[in-house]
Structures are given as structure tokens and as C-alpha cells.
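Before anything else, here's the structure in question.
The values are calculated or read from the model by the stated rules, or taken from the named source; none is laboratory data. Here the structure is a predicted model, which is why all the values come from computation and not from measurement. Positions of Cβ are backbone-derived with ideal geometry, glycine not excepted, and every protein chain shown enters the neighbour counts. Please note that ligands, DNA and RNA were not included when accessible areas were found on the heavy atoms of the full protein model with its side chains. Shrake-Rupley method; radii C 1.70, N 1.55, O 1.52, S 1.80 Å.
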Amino acid sequence: MSGAVRVVVLGSGDAFGSGGRAHSAYLIETPHSTVLLECGPTILQAMKGAGHDTAKIDAVLLSHMHGDHFGGVPFLLMEYLYERPRERPLTVFGPPETEARTRRLFSALYEKPAEKPLSFPLRWHEVAPGTPVDVAGLRTTPFVATHVPELCCYGYRIEVGGKTIVYSGDSAWTDELARQARGADLFLCECSTYETLLPIHIAYPEIAARARELGCRRLVLSHLGAEPLRRLEELKLECARDGMTIEL
Ligand SMILES: [Zn+2]
Ligand SMILES: [Zn+2]
């Protein structure tokens with residue numbers, strides 16, 4: 001079923017909006033469902049700017065509770081309350097505390113609307129590493145990402161329509177990531193820095209050194225920070241662009 005699964009890059013930037021890029025977020029589209037992977041504060045601009053109807057989202061999948069990854073959920077809920085009234089259920093999948101933190105954020109941003117009953121069933125599903133979960137028809141297995149110690153941070157191995165997508169989330173480079181990426185049709189990997197080595201993110205040379213041995217069909221770097229973006233012309237590995245579509 002070639003072309004039946006596609007990943008739309010809504011945003012490929014980091015937390016700082018480097019290069020004017022939207023916060024990293026993706027639509028995983030199949031003939032049966034559309035899943036929004038990550039939901040930063042720029043989500044509505046990114047979707048509407050690229051002509052996507054927000055109503056088509058069947059489920060939201062979040063990797064961790066950093067603002068550039070979940071800070072847009074209240075805006076999506078506002079959209080479904082006022083601009084694109086929703087009736088069908090929405091499930092938000094994410095790590096522990098997804099519901100509590102998102103509800104607190106919604107209350108802080110829009111106090112009255114957050115108190116209002118929603119016009120649709122909103123469900124929360126907190127996932128656990130190694131336990132596959134059905135995200136709107138996508139078999140999704142979380143794994144632990146090595147990011148910040150104060151949060152539960154996940155990457156995801158997603159299987160749908162005979163294709164496998166591995167998503168790093170925000171993570172340092174680890175052997176686990178290499179193990180997960182093996183055999184994937186698409187490995188969507190963060191690359192936040194180039195010359196600065198951090199224990200919480202991947203620097204371009206770290207992934208470039210291992211790219212050949214990963215054994216994935218396609219590697220696309222995203223969550224691009226100022227350092228890799230400054231060198232975009234000279235980078236050998238494929239880098240995501242806002243609005244790009246990856247057919248699997
Ligand atoms: Zn991030
Ligand atoms: Zn993060």
C-alpha cells in the first residue's frame with residue numbers, strides 16, 4: 001500500500017522558533033485516520049497556514065510535557081469550542097501527568113472557557129514504555145527518551161499499514177534510539193544543535209556518525225535548532241521543512 005501512509009511536517013523547529021520555524025509537530029495520515037503527533041503553541045498557525053482542517057484530527061499523541069510539545073493543546077481545545085465546533089471524541093495520549101498539566105495550562109490561558117463543559121468527549125490516555133497502545137488505528141509503542149530528568153519523556157515506535165515510523169521525541173543520542181530505529185521505514189529524529197553537545201538533545205555530528213549503521217529506510221532530522229539551521233546547505237542528512245510531506 002505505497003503512499004497510503006504519509007507524514008506531514010507541520011513544524012520542524014525547536015522551542016525557540018529558530019529560523020522562524022513552527023514548533024515541531026506532525027500529522028500522520030492514513031486512509032482511516034489522522035493523528036497529530038506533538039502540539040506546540042504554533043499548532044493552529046501551522047495547520048491553517050498549510051490548509052489543513054483541524055477537524056480531521058482523530059487523536060493527539062504527545063512525547064513529553066515541554067511547552068513546545070504540549071503548549072498548543074489549549075489552543076486546539078479553543079478551536080474545537082468556538083471555531084470548529086466538535087462533537088466526536090478526542091483522545092490525547094501522552095506521558096504521566098498529561099491530563100493534569102494540560103488542564104492547568106488551559107485554566108491559566110483561558111480561565112472561563114476551561115471551566116465550560118466541552119461539546120465533545122475529551123479523553124486522556126497516559127501511556128507507559130513498552131506497552132503498545134492503539135492511537136486511532138496506529139499501533140504505538142512508547143520507549144523512554146533520555147531528555148530531562150524531571151519529566152517522563154518518550155519516543156514512539158508507530159506501526160500502521162505495514163509501515164513503521166520511529167520518532168525520537170526530544171532526546172540525547174542513545175543506543176536505545178539506534179535499536180528502535182532499526183528496520184523503520186521512517187526515523188524522524190530530533191537534531192537540536194550542531195557544535196554544542198548537550199546531555200538532553202542530539203547534535204548533528206552525533207547522528208551523522210551513526211546514520212549509515214542505523215538500518216532505517218529513511219532518516220529525517222527535525223526539531224532543528226539555530227546551529228544546524230545555520231549550516232543547512234552543507235548538511236548531508238535529510239532535514240525536515242515546515243509543510244513537507246513524507247510518503248511511506
Ligand atoms: Zn522540544
Ligand atoms: Zn523537550
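Determine whether the range 212-220 contains at least one residue that is open to solvent by 20 Å² or more (accessible area, probe 1.4 Å), part of a strand (DSSP E or B) and modelled with pLDDT of 95 or more. Outline the logic, then answer.
Pass one, the range 212-220, residues open to solvent by 20 Å² or more (accessible area, probe 1.4 Å): 212-213, 215-219.
From the residues that got through so far, the ones that are part of a strand (DSSP E or B) too are 219.
Imposing the further condition that a residue be modelled with pLDDT of 95 or more reduces the set to 219.
Checked against the condition, which is being open to solvent by 20 Å² or more (accessible area, probe 1.4 Å), part of a strand (DSSP E or B) and modelled with pLDDT of 95 or more, the range 212-220 yields at least one hit.
Can you give me the number of residues within the range 148-191 that are under 26 Å from G67 (Cα atoms), of a type in the set (D, E), open to solvent by 10 Å² or more (accessible area, probe 1.4 Å) and assigned to a loop (DSSP other than H, G, I, E, B)?
Of the residues in that region, 1 qualify.
Filtering the range 24-34 down to residues that are of a type in the set (A, V, I, L, M, F, W, C) and surrounded by 24 or more Cβ atoms within 10 Å (Cβ to Cβ), which residue is farthest from the chain's Cα centre (by Cα)?
Of everything passing the filter in the range 24-34, I28 is farthest from the chain's Cα centre (by Cα).
State which residue is nearest to H201 (Cα to Cα) when the search covers only the range 128-149 and only residues that are free of Cβ contacts under 8 Å to residues at least 40 places away in the same chain and over 15 Å from the mean Cα position of the chain (by Cα).
Among them, the one singled out is P149.
So, one more: For the range 44-70: of the residues being more than 16 Å from ligand 2 (Cβ to nearest atom), among the hydrophobic types (A, V, I, L, M, F, W, C) and part of a helix (DSSP H, G or I), which is surrounded by the fewest Cβ atoms within 10 Å (Cβ to Cβ)? Give the steps one after another, and end with the answer.
Residues of the range 44-70 more than 16 Å from ligand 2 (Cβ to nearest atom): 44-60.
Narrowing the set further to residues that are among the hydrophobic types (A, V, I, L, M, F, W, C) leaves 44, 46-47, 50, 55, 57, 59-60.
Okay, now just the ones that are also part of a helix (DSSP H, G or I), so 44, 46-47, 55.
Numbers: L44: 18, A46: 26, M47: 24, A55: 13.
The selected residue is A55.
Follow-up. One residue is enough: does the range 126-143 have a residue meeting the conditions crowded, with 18+ Cβ neighbours inside 10 Å, aliphatic (A, V, I, L, M) and within 16 Å of ligand 1 (Cβ to nearest atom)?
no
Something else about it: For the range 224-233, indicate whether the set of residues that are open to solvent by less than 10 Å² (accessible area, probe 1.4 Å), touching a Leu at 6+ places or on another chain (Cβ under 7 Å) and part of a loop (DSSP other than H, G, I, E, B) is non-empty.
Residues of the range 224-233 open to solvent by less than 10 Å² (accessible area, probe 1.4 Å): 224-225, 228.
Narrowing further to those that are touching a Leu at 6+ places or on another chain (Cβ under 7 Å): 228.
Among the residues that remain, those that are also part of a loop (DSSP other than H, G, I, E, B) are: none.
No, the conditions are met nowhere in the range 224-233.
Further question: Which one of R88, R101, R84 is out of contact with any Asp or Glu (no Cβ under 7 Å at 6 or more places or on another chain), within 16 Å of ligand 1 (Cβ to nearest atom) and more than 18 Å from E190 (Cβ to Cβ)? Working first, answer last.
On the way: R88 fails: within 16 Å of ligand 1 (Cβ to nearest atom); R84 fails: within 16 Å of ligand 1 (Cβ to nearest atom).
The unique qualifying residue is R101.
When you scan the range 232-245, do you find a residue that is of a type in the set (V, I, T) and free of Cβ contacts under 8 Å to residues at least 40 places away in the same chain, even just one?
Taking the range 232-245 first, the residues of a type in the set (V, I, T) are 245.
Okay, now just the ones that are also free of Cβ contacts under 8 Å to residues at least 40 places away in the same chain, so none.
No, the conditions are met nowhere in the range 232-245.
Against the condition aliphatic (A, V, I, L, M) and away from ligand 1 (no atom under 16 Å from the Cβ), how does I165 come out, does it pass?
Values: aliphatic (A, V, I, L, M): yes; away from ligand 1 (no atom under 16 Å from the Cβ): yes.
The answer is yes for I165.
I would also like to ask the following. Give me the residue from the range 71-117 that is open to solvent by 20 Å² or more (accessible area, probe 1.4 Å), in contact (Cβ under 8 Å) with a residue 40 or more places away in the chain and within 16 Å of ligand 2 (Cβ to nearest atom) and, out of that set, nearest to A145 (Cα to Cα).
Let us first name the residues in the range 71-117 that are open to solvent by 20 Å² or more (accessible area, probe 1.4 Å), namely 75, 78, 81-85, 87-89, 91, 96-97, 99-101, 103-105, 107-117.
Pick out the ones that are also in contact (Cβ under 8 Å) with a residue 40 or more places away in the chain and you get 91, 96-97, 114.
Then keep just the ones that are within 16 Å of ligand 2 (Cβ to nearest atom); that gives 96-97.
On the way: P96: 14, E97: 16 Å.
Among those residues, the one meeting the criterion is P96.
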